[in-house]
1. Go over the candidates B:Lys12, B:Lys16 one by one and state the one that is within 20 Å of B:Cys118 (Cα to Cα), out of contact with any Cys (no Cβ under 8 Å at 6 or more places or on another chain), at pLDDT below 85 and among the charged types (D, E, K, R).
2. Counting only residues that are within 20 Å of B:His84 (Cβ to Cβ), of a type in the set (A, V, I, L, M) and more than 11 Å from chain A (Cβ to nearest Cβ), which one in segment B:1-48 is surrounded by the fewest Cβ atoms within 10 Å (Cβ to Cβ)?
3. Do you know which residues across segment B:76-95 are within 12 Å of another protein chain (Cβ to nearest Cβ) and either surrounded by fewer than 20 Cβ atoms within 10 Å (Cβ to Cβ) or of a type in the set (Ser, Thr, Tyr) (or both)?
4. A:Arg91 versus (1) in contact (Cβ under 8 Å) with a residue 40 or more places away in the chain; (2) of a type outside the set (A, V, I, L, M); (3) more than 19 Å from A:Val170 (Cα to Cα): which is the lone unmet condition?
5. What is the residue count in segment B:187-233 for residues that are outside any helix (DSSP H, G or I) and of a type in the set (D, E, K, R)?
6. Among the residues of segment B:58-75, is any facing another protein chain (nearest Cβ under 10 Å), over 18 Å from B:Val183 (Cβ atoms) and surrounded by fewer than 14 Cβ atoms within 10 Å (Cβ to Cβ)?
7. Residue check: is A:Leu168 touching a Lys or Arg at 6+ places or on another chain (Cβ under 7 Å) and touching a residue at least 12 places away in the same chain (Cβ under 8 Å)?
8. So, in segment B:145-175, exactly how many residues are within 12 Å of chain A (Cβ to nearest Cβ) and surrounded by 24 or more Cβ atoms within 10 Å (Cβ to Cβ)?
Amino acid sequence: MARLLASEWIKLRRSIIWLLLPASPLLAFVACWRSSLDSGGAQAWREVLAVGAMVHGYLFLPLLVGIFAALLCRFEHASGGWKQLLALPVRPAAVYGAKLAAIMALAAILQLLMCAAIAGAGLLRGLDAPVPWGMIGMSAFGGWLACLPLAALQLLASTAFQSFAAPLAVNVVFTLPNMLVANSRDFAPWYPWVQPLLAMVPQDTYGFGAFNVSLETLLAVIGGSFLVFLCSGLLYFVRRAV
Amino acid sequence: MIGRMLSVELLKIRRKLLWMLAALGPVGVIGLQAVNYGLRYDYLMKLYGDSPWEGLLRQVGSLMLPALFIGLALVASMSAGIEHQAGAWKQLLALPVTRLQVFGGKVMLSLLLLLSSCTLLLLLTLGMGLLLGFDPQVPWAEIVRQSYLPYLAALPFIALQSWLSIVMANQALPLTVGTLGLVLSMFSVLMPAWMPWGWPDRAVRSADALQAAGSGLALGVLVLLIGYAHFARKDVS
């Protein structure tokens with residue numbers, strides 16, 4: 001497994017991904033820096049974080065997870081890489097797991113950049129309260145966790161489709177309804193694609209522990225959809241003809 | 001000649017997902033609006049009072065723009081991807097056609113697909129309004145305007161995405177640029193008027209809709225020329 005991960009790293013090392021990762025944090029940074037705030041003190045940090053989370057989590061984060069998945073499978077789709085990779089003495093399930101781990105690692109780097117962007121923007125504005133690392137960190141971690149089901153589904157789509165844009169089309173189809181779902185009190189907690197946003201925007205009321213989403217959402221929606229997508233992806237990948 | 005290039009391109013996408021995608025955009029937008037109206041019909045009807053058509057157009061427009069922004073990136077990437085995937089650029093350019101025709105054919109394909117999406121949206125919007133039993137007095141001018149002006153205003157982005165998708169083998173970059181465009185367009189109300197991300201939005205609702213569409217058309221042609229100049233000089237691998 002460690003070797004498979006190392007091989008994913010080698011494939012990514014000099015790829016275009018490093019150019020793409022800062023795009024969303026940079027945009028969120030500008031938004032956090034320039035947006036107008038209503039409050040001061042610790043509440044101001046909360047507002048800055050909410051602005052950053054809206055810019056980043058609404059569409060960018062879910063769509064980027066799809067781009068990561070498609071990019072990681074692109075190396076294999078081009079020039080018969082799947083055959084080569086699976087001819088090695090590795091279990092297909094391990095290959096699949098390594099790909100999923102690589103997607104989530106990229107998402108983790110993205111979320112760390114987001115933390116830096118939000119903290120940087122807040123400091124640049126000269127907010128008087130100290131940086132609330134706990135709140136920012138929990139928001140980024142929650143957003144990351146909520147990406148798990150999306151990553152699993154996108155990996156399934158990316159292994160199934162040869163073309164780069166087709167799995168992204170799947171992603172877009174599910175992510176665009178966020179624009180309506182995010183405003184709905186009844187449906188938002190149940191829709192997996194809007195969870196990265198909900199998990200990132202700081203909430204006052206309902207939320208489990210330090211998370212911004214409730215325990216039911218955390219377990220049932222994020223955990224449940226992750227399991228469903230992961231199992232169907234694994235079954236498909238292990239059984240399909242290369 | 002360009003007509004023949006286009007028919008070749010259309011042949012290549014027969015039975016591909018691309019057509020489905022072009023249809024899925026408008027069907028998805030209207031489908032979501034159907035759910036939206038189904039769930040909160042009374043609220044929406046009260047909100048827009050005596051001009052239900054205008055309300056419907058407003059609701060449709062708010063979903064149509066993001067769908068257009070990301071859809072154009074996907075369509076451009078998929079139509080160029082046919083060639084990238086098969087490694088067919090070399091072969092295509094070895095045929096007795098000019099680079100202008102090759103580039104033009106790809107761009108025309110994207111333009112045609114998106115135009116059919118806009119037309120389908122027009123028909124579906126009309127159908128939904130009539131099904132909901134809105135005033136039989138259909139505001140034709142507004143529906144046609146909302147369906148096609150954003151398309152013209154988005155032309156710079158269609159041109160940019162086509163250009164990037166054609167010259168880059170790795171589609172991750174064009175699609176990230178497309179996603180960036182989508183996110184920027186959502187915050188375009190905060191931008192000064194000269195920035196093109198806000199043009200499609202202005203083409204939907206503001207008084208200077210025609211101006212936004214006109215600027216889109218002009219900038220789109222300019223970006224296409226730059227893109228072609230790049231493609232014409234590029235070494236194809």
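1. B:Lys16
2. Here the residue is B:Leu11.
3. First pass over segment B:76-95, keeping only residues within 12 Å of another protein chain (Cβ to nearest Cβ): B:76-87.
Scanning segment B:76-95 gives B:Ser77, B:Ser79, B:Ile82, B:His84, B:Gln85, B:Ala86, B:Gly87.
4. Of everything listed in (1) in contact (Cβ under 8 Å) with a residue 40 or more places away in the chain; (2) of a type outside the set (A, V, I, L, M); (3) more than 19 Å from A:Val170 (Cα to Cα), A:Arg91 misses just condition (1).
5. 1
6. No, the conditions are met nowhere in segment B:58-75.
7. On the way: touching a Lys or Arg at 6+ places or on another chain (Cβ under 7 Å): no; touching a residue at least 12 places away in the same chain (Cβ under 8 Å): yes.
Taking the combined requirement at face value, the residue does not satisfy it.
8. Residues flagged as within 12 Å of chain A (Cβ to nearest Cβ) and surrounded by 24 or more Cβ atoms within 10 Å (Cβ to Cβ) within segment B:145-175 amount to 5.
The values are calculated or read from the model by the stated rules, or taken from the named source; none is laboratory data. The shown structure was predicted, so the numbers you read here are calculated from the model rather than taken from an experiment. We place every Cβ from the backbone using ideal geometry, glycine too, and count neighbours over all the protein chains shown.
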